[in-house]
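Written out below as structure tokens is the structure these notes cover.
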Amino acid sequence: GKSNMSAGFFEVDDNEVQKDKPKFNDGEKKKQKMFTPVTLKLFMTASVDSEDNFNVDNQEINDVILVGRLYERDDQPTRVSYLLNDNTGTMKVTFYKGGNYLPKYLEEFKYEEGCYVKVFGQAKNFKDVRQVVGVHLEAIDDFNYITNHLLQVFVASCVRKKGVLSSQDITEANNVKGEMNEKDKTQFVKTEATKIINENSARGASNVSRDVIFNKVKSSVTHPEFQKIIQHLLDEMELFEDENGALGAM
């Protein structure tokens, strides 16, 4: 099956989003939900099935993450609502209170007209009117997050359509980028090590430590790979190791 990648996890107490007599039980266990990053345009164009579930790219999506600017705060006895605009659309987002008091995340939120926020919410379709019932709200003060959110929307869409990359896909992509295979890495380390050792020897210096050689090749091999290759070269007697652990060429 296809994975819902680039989604966010958030612990939600369903009592916080019930419209009728919200309850807040401190001892009640909260459950973890997966929220999918979307834009309002994507949400507004999603299909809705007979049970009012939203579907995007043939995948059910009812818990969403939206990023945009808030306008027109409307504070009522049982709820607080805002207009959210993310440059792809505008929609009312409603947060329900617990009795006569605000949930902690709303109480701590400092509203300013046009402020940027991240909204976790539940997608609802009531009498063919789409809306979002918010379950959490965070102010955004780093605009890099807006770019990151849009990238997450794009990646999530690609994963829904194409699925998660297999290990073979990743290997093939690395090969296209010129990633070296094990044989190439061994030859590369051998060449660089021999070059450094010979240059050192020409200056009348002693053998070379592994760290000096690794610093030269670490952009192409990991440290475990390097250690494995050096051991292979020692076993094949293409390099030798002195009593201090320094390396020399045969």
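The values are calculated or read from the model by the stated rules, or taken from the named source; none is laboratory data. As the structure is a computational prediction, the values presented were derived from the model and not from experiment. Neighbour counts run over all protein chains shown; Cβ positions are idealised from the backbone, glycine included.
The set of residues in segment 107-142 being more than 11 Å from Thr94 (Cβ to Cβ), among the aliphatic types (A, V, I, L, M) and not in a loop (DSSP other than H, G, I, E, B) consists of Val117, Ala123, Val129, Leu137, Ala139.
Being of a type in the set (A, V, I, L, M, F, W, C), assigned to a loop (DSSP other than H, G, I, E, B) and either modelled with pLDDT under 85 or crowded, with 20+ Cβ neighbours inside 10 Å (or both) holds for only one residue in Phe24, Phe35, and it is Phe24.
When Pro77 is tested against the conditions (1) on the phi > 0 side of the Ramachandran plot; (2) in a loop (DSSP other than H, G, I, E, B), the lone failure is (1).
Say we look at segment 200-217 and pick out the residues that are part of a helix (DSSP H, G or I) and modelled with pLDDT under 85; which of these is surrounded by the fewest Cβ atoms within 10 Å (Cβ to Cβ)? Give the derivation first.
Pass one, segment 200-217, residues part of a helix (DSSP H, G or I): 200-202, 210-217.
After this cut, where a residue has to be modelled with pLDDT under 85 as well, the list is 200-202.
Values: Asn200: 18, Ser201: 14, Ala202: 8.
Per the stated criteria, the residue is Ala202.
Residues are listed down the side, and each one gets a yes or a no for (1) without any contact (Cβ under 8 Å) to a residue 12 or more places away in the chain; (2) more than 34 Å from the chain's Cα centre (by Cα):
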| site | (1), (2) |
| --- | --- |
| Thr186 | no, no |
| Lys190 | no, yes |
| Ile196 | no, yes |
| Glu199 | yes, yes |
| Ala202 | yes, yes |
| Ala205 | yes, yes |
| Val208 | no, yes |
| Asp211 | yes, no |
| Lys218 | yes, no |
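Among the conditions (1) within 21 Å of Tyr116 (Cβ to Cβ); (2) buried (at least 19 other Cβ atoms within 10 Å of the Cβ), the only one that Phe54 does not satisfy is (1).
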